[in-house]
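Structure record follows, encoded as structure tokens.
The values are calculated or read from the model by the stated rules, or taken from the named source; none is laboratory data. What you see is a predicted model; the values in this text were computed from it and never measured. For neighbour counting, all protein chains shown are included, and Cβ atoms are generated from backbone atoms with ideal geometry for every residue, glycine included. The area values use the complete protein model at the heavy-atom level, side chains included, leaving out ligands, DNA and RNA. Shrake-Rupley method; radii C 1.70, N 1.55, O 1.52, S 1.80 Å.
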Amino acid sequence: MGFNIMEKNKKIILTGDRPTGKLHVGHYAGSLKRRVELQNSGEFDQIFIMVADAQALTDNADHPAKIRENIMEVALDYLSIGIDPAKSTIFIQSHVSELTELSFYYMNLVTVSRLQRNPTVKAEIQMRNFETSIPVGFFTYPISQAADITAFHATTVPVGEDQAPMIEQTREIVHKFNSVYGETLTEPQILLPDNEACLRLPGTDGKAKMSKSLGNCIYLSDTEEDVRRKIMSMFTDPDHIRVQDPGRLEGNTVFTYLDAFSNTGHFAEYLPEYANLDELKEHYKRGGLGDVKVKKFLNSVMQEELSPIRARRAEHEKDIEGVYEILRKGSTHAKETAAETLREVKHAMKIDYFEDAEFLAEQKERF
Ligand code: TRP
């Protein structure tokens, strides 16, 4: 019985995304790109990437078709960025019923007021106009997220900045569980992007968040022409009217994207008259550098990043049955792993009656 994973001090990643739409470059900069680097670093013993359909249903209960539609989209997005099923387990959350069971026990360790103070939940309640009519499932999703993370004894959770309060809440649940029932669960660490621009990539219209409803996203699955069109109409400095005018970098979406995606190699290849981004920025601030030139450069940078993703996606789209098998096998493996943790949890809570020889002896003694 028990704790094998913890004993060996393994390094384990768990992360995931709600399948409410196709993934975009905000997801990519904020988390997806890093996952692939971590996967290929060889530093991790196990990597679990979850399509969080059950969580998506907590605020989409009336739209099951939307969630169902996006399972394959998200799986294709994962495979196209280079998540390799030989190295990472891709799985579907609702298939791992152990997660729901863990959530139920963790609910006893969290207060209503603590959930109300979770900043992400607070903001999302406002955004969705839930106010007093919040579905209970939605309200408690930080607890289910703690189940997702701890079920795999994850040590590392690479996510975007908006998920920080979830990881914090998970750590609290782990502490509480371990102090009440004994050392059982593993405390996870959050892993945020190290590049400031990647933390919060704005929409193409300069708005703080990329969202499908605002129509300001560049999707990983966009065609070359879509990407070019979106970049050429991106929000820049509204006061930079003539080329010779000095330009502003703050709130200038094109430069934020360059901060997130460009490197000196891109300059050598596509814009050799500048050594690096600092030189380009200086010229823009001084005046004499037009938006179109900067946008064309950004387009080259983004196409270089996105075209291998597009090509890999096209390959996988030809073999949907293969993708389905990846999801099925991944989900089975994830379920087995979570079942082992659930056994450990039930043992720690002393509710593993039929696996606990002492239970029967005790009861016989009593009666
Ligand atoms: N909340 C995450 C999102 O909205 C998805 C998610 C669910 C997740 N469970 C998780 C992320 C566990 C990291 C770890 O994208």
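Each listed q (0.16, 0.21, 0.22 Å⁻¹) maps to a log10 I(q)/I(0) for the range 320-367 from the Debye sum over equal C-alpha point scatterers, namely -0.60, -0.75, -0.78. How large, in percent, is the carbon and sulfur part of the accessible surface of the chain at a probe radius of 1.4 Å? Summing carbon and sulfur atoms, their accessible area is 52 percent of the total for the chain.
Scaling the Cα radius of gyration of the chain by the globular reference 2.2 N^0.38 Å produces a ratio of 1.13. In this rough spin-label picture, where each label sits 7 Å from Cα along the Cβ direction, the Lys329-Glu37 distance is 2.9 nm. Our estimate of slack between Glu279 and Lys293, defined as 0.36 nm per intervening residue step minus the Cα-Cα distance, is 3.6 nm. Modelled spin-label separation between Glu183 and Ser233, with each label point placed 7 Å from Cα along the Cα-to-Cβ direction: 5.9 nm.
Since only Thr332, Gln303, Leu271 are under comparison, the one whose Cα sits farthest along the positive direction of the charge dipole of the range 270-335, derived from C-beta charges on Lys, Arg, Asp and Glu, is Thr332. Between Gln126, Val157, Gly182, the Cα set farthest toward the positive side of the dipole of the range 119-212 (charges on each charged residue's Cβ, about the Cα centre) is that of Gln126. From helices alone, the chain scores -16000 deg cm²/dmol at 222 nm; the rule is -39500 (n - 2.57) for each run of n ≥ 4 DSSP H residues, then divide by the residue total.
Which whole-number percent is the relative contact order of the range 92-251 (Cα, under 8 Å, 6+ apart)? Computed over the range 92-251, the figure is 17 percent. For the range 1-84, a/c is not less than 1.5, where a ≥ b ≥ c are the root eigenvalues of the C-alpha gyration tensor, and a/b does not top b/c. That puts it in the oblate class.
Sorting 164-171, 210-217, 71-78, 302-309 by their mean Cβ neighbour count within 10 Å, with the most densely packed peptide first, gives 71-78, 164-171, 302-309, 210-217.
For the residue pairs Lys33/Lys212; Lys22/Lys318; Lys122/Lys212; Lys66/Lys87, the alpha carbons lie more than 25 Å apart in Lys66/Lys87. With 0.36 nm allotted per residue and the present C-alpha distance subtracted, the Glu315-Ser113 stretch has 67.9 nm of extension available. Entry note, the chain: relative contact order of 22 percent, from Cα contacts under 8 Å with a spacing of 6+ residues.
Just tell me, in residue order, which DSSP H segments of the chain are both 24 angstrom or longer along the helix axis (alpha-carbon based) and at least -0.5 in mean Kyte-Doolittle hydropathy. Membrane-span-like by this criterion, though nothing is claimed about a membrane: 64-81, 164-181. In the range 34-178, Cα pairs under 8 Å separated by at least six residues give a relative contact order of 28 percent. Suppose we look only past 18 Å in the calculated P(r) of the range 205-335. What percent of the Cα-Cα pairs does that tail hold? Value for the range 205-335 (Cα pairs over 18 Å): 61 percent. Comparing the range 112-215 with the 2.2 N^0.38 Å rule of thumb, its C-alpha radius of gyration ratio is 1.22 (two decimals). Fully extending the segment from Ala61 to Asp205, taken as 0.36 nm per residue of separation minus the present Cα-Cα distance, adds 48.8 nm. Across q = 0.23 Å⁻¹, the range 83-169 modelled as identical point scatterers on its alpha-carbon atoms has Debye log10 I(q)/I(0) values of -1.27, in the order of the q list.
Using DSSP to define loop residues, name the trypsin sites (Lys or Arg not before Pro) in the range 293-367 whose beta-carbon has at most 16 other beta-carbon atoms within 10 Å.
Counting only loop positions with at most 16 other Cβ atoms within 10 Å, the trypsin sites (Lys or Arg not before Pro) in the range 293-367 are Lys318, Lys350.
Taking only protein heavy atoms and a 1.4 Å probe, what accessible area per residue, in Å², does the range 211-291 have with all protein chains in place? Mind showing how you got there, number by number?
Details: 4210 Å² over 81 residues.
Here the per-residue accessible area is 52 Å².
Accessible area per residue for the range 56-114, computed on protein heavy atoms with a 1.4 Å probe, is 46 Å².
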